[in-house]
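Below: the structure, in structure tokens.
The values are calculated or read from the model by the stated rules, or taken from the named source; none is laboratory data. Fair warning: this is a prediction, and the values are worked out from it, not measured in the lab. For neighbour counting, all protein chains shown are included, and Cβ atoms are generated from backbone atoms with ideal geometry for every residue, glycine included. Surface accessibility is based on the protein's heavy atoms, side chains included, excluding ligands, DNA and RNA. Shrake-Rupley method; radii C 1.70, N 1.55, O 1.52, S 1.80 Å.
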Amino acid sequence: MADPSTYRPAPGAIPTSPGVYKFRDAHGRVIYVGKAKSLRPRLSSYFQDLAGLHPRTATMVTTAASVEWTVVSTEVEALQLEYSWIKEFDPRFNVKYRDDKSYPELAVTLDEEYPRVQVMRGAHKKGVRYFGPYGHAWAIRETVDLLLRVFPVRTCSNGVFRRARQIGRPCLLGYIGKCAAPCVGRVSPEEHRALAEDFCDFMAGRTGNYLRRLETAMQEAAADMEYEKAARLRDDIGALKRAMEKNAIVLADATDADLLAVAEDELEAAVQIFHVRGGRVRGQRGWVTDKVEDVDTAGLVEHALQQLYGAAAGDDRDESVPREVLVPALPDPAEPVREWLSGLRGAQVDLRIPQRGDKKDLMATVQRNAQQALALHKTKRASDLTTRSRALQEIADALELDSVPLRIECFDISHLQGEDVVASMVVFEDGLARKSEYRRFQIKGFEGQDDVRSMHEVIGRRFRRYLREREQTGEWAVPETGPDDGAAGEEGPRTEEGRPKRFAYPPQLLVVDGGQPQVAAARRALDELGIDDVALCGLAKRLEEVWLPGEDDPVVLPRTSEGLYLLQRVRDEAHRFAITYQRGKRSKRLTAGELDSVPGLGETRRQALLKHFGSLKKLRAATVDELCTVPGIGRRTAETVAAALSSRTPAAPAVNTATGEIIEDGAAEPAPAAPETAPIQETP
């Protein structure tokens, strides 16, 4: 625990301008980011008597070891910079919202020559128009199915579209009138794009004029006695009205607004957002968060607005930020946030608290949803947290640890009969997988099959990297012996100060997949580096025994133990991650290994050659003139490829040891991966 007075800035050194500040811990990691209208009074408030600080704030300032700041011109710039730094550094003491589920959205790919309507999840892409989010994907498909009758935009994948163009025949939707069939030229690219834009206008809430136009056309067709056309227009109007009925009318027509409500207690908060477009609820989403900093409702609202609209610059701004944003409490101060939202939209945004009428009633509905979401989250987490806490405590008791292992790392070795030897490292924090911390390794120190030696190398590389990062803080020097410490396909430790580093956090418990030999190898690697504060154990598959270093007898946990179940999950995840990496390396070696070393031949042209000829065997037999027929392959490149392949002796055919099937040499498509049993030789 640090004393805040040791790093308190000198009196008068802090400017009074607007700015953003960062607290760092002893390792240089950014642990908190904040902004202020005036930096001096805000930062000075952190260095008062600890008894007068909120407990969360006191924990933060005693964890920190330094503070720094950046001066900006306006409060809007401070808001933008704060959001950027929170996204970049992921500080542990800042409120971070996490989606309570993955929300699907209706997307129209206007960046393509023939726009496509589809369901999308995840981050928004430039050039794609989004509507939603929706609660369920089936709700999007129902809406699209109704609208395709009127707006027959293509919904097929690019592969299906290309196939239809090649054979000159549309898919079923083209025959039944739910696709304009641009693949076979029934409509031009311009006409199809106009359909897609009409579809977007209707989804954006501009429905009244379009319906009136259809009704006028229907009446004119009936007056001209074109009864079939009038009947088709009548059915189109009915389909559009049924699609509109999917979204309840909650506000006056043409009202675009986002309503945000917060439900909170001392430890957690839930946020719910209703997206209203054209007076109808077009989407809903929710977040939950731990209140790791001293923040009130207004602060939670500000963080939620940053999360909701922070990436709006890459989207269609008019759709991302509506005319009105209704909240339960205004950020303090509110004007910079209002200016920031207006800048994102490109027009004035009204940020306010609803006081009366339909908008206040709808806000009450959103508030009830937030309260229900918080109650449901707490119910689920109470069950999960109780189980995880019991599992971690059982592990600590069984291994006689001083404290529960909040961070567990597990290592596993995988190979195919001594070839493509790789290792995996998985991380569990508080009993949950932390996939962003997973790492994979190629064994570099030797050739062949030796699980014990491989385990020694990987543990040494992982902790040598950790010590190297500790060395940057001046705590101690790092032994210089040992193979390259980098994980497979990665560069060395990042040197930019404060960025998240790959191996910056040591585990409280190190688990290896194996028994006494693997545990002894890991212990030897730790001893060589002088690390004696990391607990170590091994989990053997045969009897699920837990082995400790230097012990002749294993620790046997009851089969019903939550601690054993957690260790099994950690071990199995490491096993899965290692096998996935090993199989990927094996497939790459079998399919295109001989082409990898041809000078001047990149991945795109390698794939083109394999696709054209179908296999390395046929490619090897091709002449220079035949190679030149492949798009992108000139005569000089063709001569280089032919010379490289003719100078090598064809390898013996590979055999799938699980099925006995002979794998064709260099097939364009890799052979199916064998089951996880026979081919992968794992540590017993």
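Overview of results
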item	result
Contacts under 8 angstrom Cβ, first residue in region 35-49 being touching a residue at least 12 places away in the same chain (Cβ under 8 Å) and among the hydrophobic types (A, V, I, L, M, F, W, C), partner in a loop (DSSP other than H, G, I, E, B) and surrounded by fewer than 18 Cβ atoms within 10 Å (Cβ to Cβ), 6 or more apart	L39/P15; L39/T16; L39/S17; L43/P9; F47/R8
Close pairs from region 381-394: first modelled with pLDDT of 75 or more, partner in a helix (DSSP H, G or I) and open to solvent by 70 Å² or more (accessible area, probe 1.4 Å), Cβ under 8 Å, at least 6 apart	A391/Y565
Any hit, region 549-564, residues being in contact with a Gly (Cβ under 9 Å, 6 or more places away or on another chain), surrounded by 15 or more Cβ atoms within 10 Å (Cβ to Cβ) and closer than 21 Å to P507 by Cα	yes
Looking only at region 78-106, and only at residues there that are among the charged types (D, E, K, R), modelled with pLDDT under 85 and in a helix (DSSP H, G or I), the one that is most open to solvent (accessible area, probe 1.4 Å)	K87
Answer residue from region 220-249, given it is over 17 Å from K178 (Cα atoms) and acidic (D, E) and is modelled with the lowest pLDDT among those	E245
Hits in region 3-14 - residues which are open to solvent by less than 30 Å² (accessible area, probe 1.4 Å) and either assigned to a loop (DSSP other than H, G, I, E, B) or under 22 Å from L81 (Cβ atoms) (or both)	Y7, P9, I14
Residue ID - modelled with the lowest pLDDT, chosen from residues in region 121-142 that are surrounded by 17 or more Cβ atoms within 10 Å (Cβ to Cβ) and among the aromatic types (F, W, Y)	Y134
Selection status of V452, in a loop (DSSP other than H, G, I, E, B) and over 28 Å from the mean Cα position of the chain (by Cα)	no
Restricting region 250-280 to residues that are modelled with pLDDT under 75 and among the aliphatic types (A, V, I, L, M), the residue that is farthest from the chain's Cα centre (by Cα)	A252
Residue check for S17: assigned to a loop (DSSP other than H, G, I, E, B), of a type in the set (S, T, Y), modelled with pLDDT of 85 or more and open to solvent by less than 60 Å² (accessible area, probe 1.4 Å)	yes
Residue pairs meeting the criteria (Cβ under 6 Å; at least 6 apart or on separate chains; first basic (K, R), in region 271-288; second in a strand (DSSP E or B) and open to solvent by less than 20 Å² (accessible area, probe 1.4 Å))	R282/H275; R285/I273
Looking only at region 146-195, and only at residues there that are aromatic (F, W, Y) and touching a helix residue (DSSP H, G or I) at 6+ places or on another chain (Cβ under 6 Å), the one that is farthest from E113 (Cα to Cα)	F151
Residue within region 65-72 that is without any contact (Cβ under 8 Å) to a residue 60 or more places away in the chain, open to solvent by less than 50 Å² (accessible area, probe 1.4 Å), under 28 Å from G310 (Cα atoms) and in a loop (DSSP other than H, G, I, E, B) present	yes
Options A391, A364, A398; residue that is part of a helix (DSSP H, G or I) and open to solvent by less than 20 Å² (accessible area, probe 1.4 Å)	A391
Only one of V349, V421, V404 that is more than 26 Å from the chain's Cα centre (by Cα) and within 19 Å of H275 (Cα to Cα)	V349
Only one of F161, F151, F199 that is of a type in the set (A, V, I, L, M, F, W, C) and in a loop (DSSP other than H, G, I, E, B)	F151
Residue that is nearest to K87 (Cα to Cα), among those in region 35-55 that are surrounded by 14 or more Cβ atoms within 10 Å (Cβ to Cβ) and touching an Asp or Glu at 6+ places or on another chain (Cβ under 7 Å)	K35
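Every residue, every condition in (1) over 17 Å from L392 (Cα atoms); (2) aliphatic (A, V, I, L, M), yes or no:
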{"residue": "E528", "(1), (2)": "yes, no"}
{"residue": "L536", "(1), (2)": "no, yes"}
{"residue": "R569", "(1), (2)": "no, no"}
{"residue": "H575", "(1), (2)": "yes, no"}
{"residue": "Q582", "(1), (2)": "yes, no"}
